[in-house]
1. Work from the charge dipole of the chain (Cβ charges, +1 for Lys and Arg, -1 for Asp and Glu, about the Cα centre) and give the residue of V183, A170, T79 farthest towards its positive end.
2. Semi-axes of the range 149-206's equivalent ellipsoid from the Cα gyration tensor, sqrt of 5 times each eigenvalue, largest first, rounded to whole Å?
3. With angles folded into 0 to 90 degrees, how steeply does helix 243-252 sit against the dominant principal axis of the chain? Use alpha carbons for both and round to 10.
4. Hey, got the Cα dimensions of the range 70-198 along the principal axes, in Å, largest first?
5. Could you identify which residue out of G224, G12, G43 has the top mean-square fluctuation in a GNM of the chain using Cα springs shorter than 10 Å?
6. If you wrap a convex hull around the C-alpha atoms of the range 1-46 and split its volume per residue, what is the figure in Å³?
7. Using a simple charge model, +1 on the beta-carbon of Lys and Arg, -1 on the beta-carbon of Asp and Glu, nothing else, what dipole does the range 75-221 show about its Cα centre, in debye to the nearest 20?
8. Calculate, in whole percent, how much of the Cα-Cα pair population of the range 1-102 lies beyond 20 Å.
Amino acid sequence: MDARPILFFDSGVGGLSVVGPTRALLPRAPIVYAADSAGFPYGIKSEGEIAARVPALLGRLVERYRPRLVVIACNTASTIALPAVRAALDLPVVGTVPAIKPAAAMSVTRTIGVLGTEATVRQPYVDDLAARFAADCRVLRHGSARLVALAEAKLGGEPVSADAVAAELAGLTGQPGGAEIDVVVNACTHFPLLAQELAAAAPTVRFVDGGPGIARRIAALTEGQDWPQGGAPHRLVFTHLGARERAIAAGLAAQGFDTAEAL
């Protein structure tokens, strides 16, 4: 039996939108979910801060939990720090990138939106994805720290206003040409947690994210490996464990994350 877990890492709880499809494909996989709550949110931090923080934290997490594979379930951290993390760790590292390629393939109007954090939507990596896979599309972008906070609040059991979500989405659809958007890329792993609210705000728009594709990549990289019989307990780790984190942990208990611990 190989009890090594898969380590998921994000600034907050957004990476759970990647954990879900991964568990559907690999139901026996033990999971360590690590949230950098002390550094949350990443989307308003500088590139330098993220580039210094993420590899150091992942080094500590890998040393403690000895995973078989690391998933950076955060678009912002991936677009900035993924090469440095891969260079530092001697195990497979899967990143998260905006799903611009499938969005362009789906779009009929040839106008797509990229909804992410401020740090993600300004990255040259996003420019490159748009040039490579959506060259014949108009690609509009909007960064929203508020949507990240709303997703965290929702998972912590707080009510989320549909009007607040709609107001943030209007920052994308209200741009010149925004009325033509027919596909929106959720370029932050937090945003699929607001799927119902986003769909209500834009019922004719399709929203896509990278979660299912990342899950398939994880399954491919671990194909043929042993997993614990009957599954294994999942672990929830925070870099700061306060009242907000404990409320989130309580909401995740039904998903098999029985306890929360501090790094």
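Any read-out appearing in this document is the output of simple, stated calculations on the displayed coordinates, not a laboratory observation. Only a predicted model underlies this, so the values are computations on that prediction, with no experimental measurement involved. Glycine gets a Cβ as well: all are built from the backbone with ideal geometry, and neighbour counts include every protein chain shown.
1. Final value for the positive-end residue is T79.
2. Values for the range 149-206, descending: 21, 11, 10 Å.
3. It works out to around 90 degrees.
4. Computed over the Cα atoms, the extents are 45, 42, 21 Å.
5. Of the options given, G224 has the highest mean-square fluctuation.
6. 74 Å³
7. About 400 debye.
8. Tail fraction, whole percent: 34.
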